[in-house]
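Undergrad: Right, I'll just put the structure down here and ask away after.
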Amino acid sequence: MKVLNVAVIGAGAAGLCAARHIAARPDLKPVIYEQSSSVGGAWFYREETDKDENGLKIHSAMYKNLKTNLPKQVMEFPDFPFDEKLPSFLYHEQVQDYLEKYCDNFKLRKYIKFETFVEHVKPVSQSEGERSWEVTVKNVKENTTSKSVFDAIFVCNGHYASPLIPNIPGKEYFKGEMSHSHTYRHPEVFSGKRIVLLGGRSSGQDISLDLAKHASDVHITISHRTPRIQGKLPKCISQAPSISSFLPDGKTIVFEDGSQTEADCLIFCTGYGYGFPFLDESCDISVDEGRIRYLYNHTINPSHPSMTFIGICSRICPFPQFHYQVLYSLATMDGTIELPSKDEMLKEIEEDYRNRLQEGMPHRASHVLAARQWAYNDKLADEADVPRLNQRVQKLYDDIHHTRVAMLLDYKENEIGLLENGSYNVVCKK
Ligand code: FAD
């Protein structure tokens, strides 16, 4: 039996999931390259905000008090439950611990090359019709570079590490402290400060609540596309429309409705961009303002189907979706799924994109799934011929979403109990 060598870039949740299923097949062998000294990726908390001990940019955006915004029953991989003794909403350390356990349970550590940064990936032809991949890596501890050749590549490098900061007229006037949520760690350093957070999605909401215990006042800006926060908020938090400009006095921020506030700090909670700096041009993958050109089913590179991307979509339950993307990709490799021709794949991708635009979704939301995630996961599962995700996950995800909207302040105090009949109940602690 010919054993195929598969490179996995990144040992976050997506890379570990890829490695777990690759290692389970006798005809495949994974090598996982991880630039840091640990598994966990986004969940590997770092006190530092700039560079790590090897001079690499800090990857994780976790902050000290972060609790998950999804309950563990929704977050977990379908084949590896969280410890039942843990509460439903977890501190980041508990998720990191879960990923370490996942790694050890499936005996993945022996495949991981830590402190190994992937510098370059390019397709090379092995023989007539056979594609393989040359991967150049740098051992960042020893400062040595080496090349290896693989039969397939799983790109699992995450997409919460390259902060996006919008250009707002007059930003240069602002003399207060400006930062991005990626470098936010502790609320205490903002004690007594007047803070404006630009961006009212999950990070903006969570960080404003974390700051409320220390800051003197917090304005969270909610764009016209995002619903206003309902329910009770701490007294010091107020909601404002987006920022329109800054006054030359160095401290006044003007909102789109003409109202103004003075601020000491401005925190951009404005999201992240995709980036694959290690991919050679001949991989035929480019990033166009939030759209990756092109990925079939948000996963497979139509120009080189032995290159797969795990974890690209957003507004999803990440771990369960990684599970299905990995099984789907492996099914395309073992012949369970016969992929359409490149032209047909590109046509389907374009149709999906056009449908999204027609529904009013912006171009940059090309990989946002939200309510589409369930049908997407089921489609991957059906094609790969594996059991679908338990429908309870969707029900619970939707219920928690509504609870979050109604009671942002308290929803993480809820405890979810699974009942014997397979459904669940939510016990509100407040
Ligand atoms: P990552 O975890 O980012 O892992 C990518 C890995 O690739 C990293 O270890 C990185 O070091 C490595 N890497 C990157 N480039 C290279 C290279 N060139 N060479 C070698 N290695 C490389 N999800 C939830 O389910 N629930 C939540 O409550 C939740 N809260 C979140 C809060 C925050 C602040 C953030 C940022 C994300 C949150 N998420 C949450 C989403 C989270 O990102 C996913 O759960 C998941 O961990 C992403 O996994 P990943 O493997 O795709 O990416």
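Undergrad: Restricting attention to the range 178-197, which residues are within 16 Å of the ligand (Cβ to nearest atom) and touching a helix residue (DSSP H, G or I) at 6+ places or on another chain (Cβ under 8 Å)?
TA: Scanning the range 178-197 gives SER181, TYR184, PRO187, LEU197.
Undergrad: Got a sec? Which strands (runs of 3 or more DSSP E) wholly within the range 165-257 have at least 3 residues that are closer than 27 Å to TYR274 by Cα?
TA: Result: 177-180, 194-198.
Undergrad: Determine the pairs where a residue that is among the aromatic types (Phe, Trp, Tyr), located within the range 94-118, has a partner that is more than 12 Å from the ligand (Cβ to nearest atom) with Cβ atoms under 7 Å apart, the partner being 6 or more residues away or on another chain.
TA: Final answer for the pair search is TYR102/PHE80; PHE106/ARG20; PHE106/ALA23; TYR111/ALA23; TYR111/PRO30.
Undergrad: Considering (1) part of a loop (DSSP other than H, G, I, E, B); (2) crowded, with 19+ Cβ neighbours inside 10 Å; (3) of a type in the set (A, V, I, L, M), say which one LEU339 fails and leave the rest.
TA: (2)
Undergrad: Go through GLY199, GLY204, GLY231 for me and flag whichever is on the phi > 0 side of the Ramachandran plot and either touching a His at 6+ places or on another chain (Cβ under 6 Å) or surrounded by 20 or more Cβ atoms within 10 Å (Cβ to Cβ) (or both).
TA: Checking each option against the conditions leaves just GLY199.
Undergrad: Taking HIS298 as meeting all but one of (1) assigned to a strand (DSSP E or B); (2) in contact (Cβ under 8 Å) with a residue 24 or more places away in the chain; (3) closer than 18 Å to GLY10 by Cβ, write down the number of the exception.
TA: Going through the list (1) assigned to a strand (DSSP E or B); (2) in contact (Cβ under 8 Å) with a residue 24 or more places away in the chain; (3) closer than 18 Å to GLY10 by Cβ, HIS298 breaks only (1).
Undergrad: Regarding ASN69, is this residue farther than 18 Å from GLU119 by Cα and part of a loop (DSSP other than H, G, I, E, B)?
TA: For ASN69, the condition - farther than 18 Å from GLU119 by Cα and part of a loop (DSSP other than H, G, I, E, B) - is met.
Undergrad: For the range 322-336, how many residues meet the condition of being of a type in the set (Gly, Ala, Ser) and either surrounded by 20 or more Cβ atoms within 10 Å (Cβ to Cβ) or on the phi < 0 side of the Ramachandran plot (or both)? Let's see the steps before the verdict.
TA: The initial filter retains those residues of the range 322-336 that are of a type in the set (Gly, Ala, Ser), namely 329, 331, 335.
With either surrounded by 20 or more Cβ atoms within 10 Å (Cβ to Cβ) or on the phi < 0 side of the Ramachandran plot (or both) added as a condition, the list becomes 329, 331.
Going through the range 322-336 one residue at a time, the tally reaches 2.
Undergrad: So if I check each of LYS122, LYS175, which one is in the same structural domain as VAL8 (by TED's automatic domain parsing), surrounded by fewer than 20 Cβ atoms within 10 Å (Cβ to Cβ) and away from the ligand (no atom under 13 Å from the Cβ)? Spell out how you get there, then give the answer.
TA: Details: LYS175 fails: in the same structural domain as VAL8 (by TED's automatic domain parsing).
Answer to the selection: LYS122.
Undergrad: Going through the range 31-62 one residue at a time, which ones are in a strand (DSSP E or B) and within 11 Å of the ligand (Cβ to nearest atom)?
TA: ILE32, TYR33, LYS57, listed by residue number.
Undergrad: Here's another thing I want to ask about it. Looking at TYR111, TYR102 in this structure, which one is closer than 15 Å to LEU4 by Cα, modelled with pLDDT of 95 or more and either more than 9 Å from the ligand (Cβ to nearest atom) or of a type outside the set (A, V, I, L, M, F, W, C) (or both)?
TA: TYR111
Undergrad: Here are some conditions: (1) more than 23 Å from the chain's Cα centre (by Cα); (2) surrounded by fewer than 17 Cβ atoms within 10 Å (Cβ to Cβ); (3) away from the ligand (no atom under 11 Å from the Cβ). SER132 meets all but one. Which one does it not meet?
TA: (2)
Undergrad: Something else about it: Output the number of the condition that MET1 fails; it satisfies all remaining conditions of (1) in a helix (DSSP H, G or I); (2) farther than 30 Å from HIS186 by Cα.
TA: (1)
The values are calculated or read from the model by the stated rules, or taken from the named source; none is laboratory data. A quick note: this is a predicted structure, and the numbers were derived from the prediction, not measured. Cβ coordinates were reconstructed from backbone atoms using ideal geometry, including for glycine residues, and neighbour counts include every protein chain displayed.
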